[in-house]
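So the structure is just underneath, and the comments pick up after that.
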Amino acid sequence: MKKKILVTGGLGYIGSHCVISLLENDYEPIIIDNLSNSKIEALNRIELISHHRPKTYIEDVRDEEKLEKIFSENDIFAVIHFAGLKAVGESVEKPLMYYDNNLVSTLSLLKVMKNHNVKNLIFSSSATVYGTPKHVPIVEDDPVGETTNPYGTTKAFIERILIDVQKADKDMNIALLRYFNPIGAHPSGLIGEDPKGIPNNLMPYISQVAIGKLKQLSVFGNDYDTRDGTCIRDYIHVVDLALGHVLTIKKLEQNPGLVIYNLGTGVGTSVLELVNAFKEANNVDIPYVIAPRRAGDVSQCFASSDKAFNEIGFKAKYNIYDACRDSWNWQKKNPNGLN
Ligand code: UFG
């Protein structure tokens, strides 16, 4: 019998790649997604890639009654909790919406997991919990909580809640996975990042400039204290990130209690280096202008990935050139995203 893994937000960007990775590794993903930032077409694409159509519930994770039904109908071994709102700027404008969505969904999930004696949970956290890093590479023991926007604060709050929950129930196994900057797409070009409206993040913006939907990229600041003056981030291929979840489930199967891992590559890349990698990998032009700094951006943010390597054998296989190629392949094949 394959172990059933409930994937909240399983039709989203990272969630859909994780579903593929679970299927490839003989787990049975079950999806719950309210389509607030995803499309049902992602399920058709998952089926095209894997020749399997996972059981899917179009519901909101905050709805405890619906969750009760899902947990009663399926013998869930573990939950991977991706569902949540994630736009930094929007969270500053609408903090209540962010606290309601991200916190209430997690609380509902925890209550229903308890009712059904489900003991394993992976939470989709973010490097944003480190706020402005004191040093790079960032290690998991570095201070967290001094976040710079409500989105980041929801991630930090949820981490605290989960730490308390695990303390109170030592039989629970909880993994907090702090993602750095996911980019790239499935090599098939069938699933990828599909932002609504004008993208906030760098890679989808670059891709839309490349295809001509946007005129030029604005590089936010070239006067940072870095090698070329632009901000440095740790860009990780989404397929690598997805596999990190499978490795983490295998860890949870050994009853480790609470574990916290950075999921990054350990390599920092500047904005201009990513632009150049995209140009080189794909032989396309990316017109850009230097614009003022964006509020809230930190100069450098990249992971120490040693702990995840030592404890779960996680190591990024793909580099930024692979990710640029796969992002472009996805963009070209789906110029208007998933429809
Ligand atoms: N950038 C530009 N132009 C753009 C978009 C981004 O120059 O049009 C720059 C940003 O200033 C930053 C870098 O590209 O220096 C990366 O920006 P992203 O918005 O792609 O990513 P961030 O590092 O700001 O944010 C990401 C996630 C957040 C998370 C944060 C910290 O999107 O969810 O990392 O972990 F909170």
Looking only at region 295-309, which residues are of a type outside the set (Phe, Trp, Tyr) and modelled with pLDDT of 95 or more? Ser299, Gln300, Cys301, Ala303, Ser304, Ser305, Asp306, Lys307, Ala308
Run down Ile174, Ile198, Ile161 and say which single residue is among the β-branched types (Val, Ile, Thr) and within 16 Å of the ligand (Cβ to nearest atom). Ile198
Taking region 220-231 as the region of interest, how many residues are more than 8 Å from the ligand (Cβ to nearest atom) and β-branched (Val, Ile, Thr)? 1
Could you check how many residues of region 288-323 are out of contact with any Asp or Glu (no Cβ under 8 Å at 6 or more places or on another chain) and assigned to a helix (DSSP H, G or I)? 8
Just a yes or no: is a residue in region 176-185 aliphatic (A, V, I, L, M), within 27 Å of Leu67 (Cα to Cα) and either open to solvent by less than 10 Å² (accessible area, probe 1.4 Å) or within 20 Å of the chain's Cα centre (by Cα) (or both)? yes
The lone exception for Gln254 - which of (1) farther than 27 Å from Ser188 by Cα; (2) surrounded by fewer than 23 Cβ atoms within 10 Å (Cβ to Cβ); (3) in contact (Cβ under 8 Å) with a residue 24 or more places away in the chain; (4) of a type outside the set (A, V, I, L, M) it fails: (3)
Would you please name the residue that is farthest from Arg294 (Cα to Cα), looking only at residues in region 133-147 that are in contact with a Ser or Thr (Cβ under 7 Å, 6 or more places away or on another chain) and within 11 Å of the ligand (Cβ to nearest atom)? Ile138
So how many residues does region 188-204 have that are open to solvent by 30 Å² or more (accessible area, probe 1.4 Å) and of a type in the set (A, V, I, L, M, F, W, C)? 3
Could you grab the pairs with beta carbons closer than 6 Å, sequence gap of 6+ or different chains, first residue in region 222-234 and touching a residue at least 24 places away in the same chain (Cβ under 8 Å) and among the acidic types (Asp, Glu), second one in a loop (DSSP other than H, G, I, E, B) and near the ligand (Cβ under 8 Å from one of its atoms)? Asp234/Phe180
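Results for (1) within 21 Å of the chain's Cα centre (by Cα); (2) over 30 Å from Pro292 (Cβ atoms), shown as yes or no for each residue.
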{"site": "Lys196", "(1), (2)": "yes, no"}
{"site": "Leu202", "(1), (2)": "yes, no"}
{"site": "Glu253", "(1), (2)": "no, yes"}
{"site": "Ile260", "(1), (2)": "yes, yes"}
Residue in region 105-122 that is open to solvent by less than 10 Å² (accessible area, probe 1.4 Å), touching a Lys or Arg at 6+ places or on another chain (Cβ under 7 Å) and within 16 Å of the ligand (Cβ to nearest atom) present: no
Considering only region 74-82, I want to know if a residue exists there that is open to solvent by 30 Å² or more (accessible area, probe 1.4 Å) and among the aliphatic types (A, V, I, L, M). no
From Val61, Val19, residue being over 24 Å from Asn339 (Cβ atoms) and open to solvent by less than 50 Å² (accessible area, probe 1.4 Å): Val61
Out of Val136, Val165, Val129, Val144, report the one residue that is open to solvent by 30 Å² or more (accessible area, probe 1.4 Å) and under 19 Å from the mean Cα position of the chain (by Cα). Val144
For residues that are near the ligand (Cβ under 9 Å from one of its atoms) and surrounded by fewer than 13 Cβ atoms within 10 Å (Cβ to Cβ), tally how many sit in region 270-288. 0
Being touching a residue at least 12 places away in the same chain (Cβ under 8 Å), of a type in the set (A, V, I, L, M) and farther than 18 Å from Lys307 by Cα narrows it down to one residue among Ala242, Ala277; which is it? Ala277
Please indicate, with yes or no, whether at least one residue in region 289-300 is of a type in the set (S, T, N, Q), closer than 25 Å to Leu162 by Cα and surrounded by fewer than 18 Cβ atoms within 10 Å (Cβ to Cβ). no
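The values are calculated or read from the model by the stated rules, or taken from the named source; none is laboratory data. In this text the structure is predicted, and so the values were computed from the model without any measurement. For neighbour counting, all protein chains shown are included, and Cβ atoms are generated from backbone atoms with ideal geometry for every residue, glycine included. These accessible areas exclude ligands, DNA and RNA; they are computed on the full protein's heavy atoms, side chains included. Shrake-Rupley method; radii C 1.70, N 1.55, O 1.52, S 1.80 Å.
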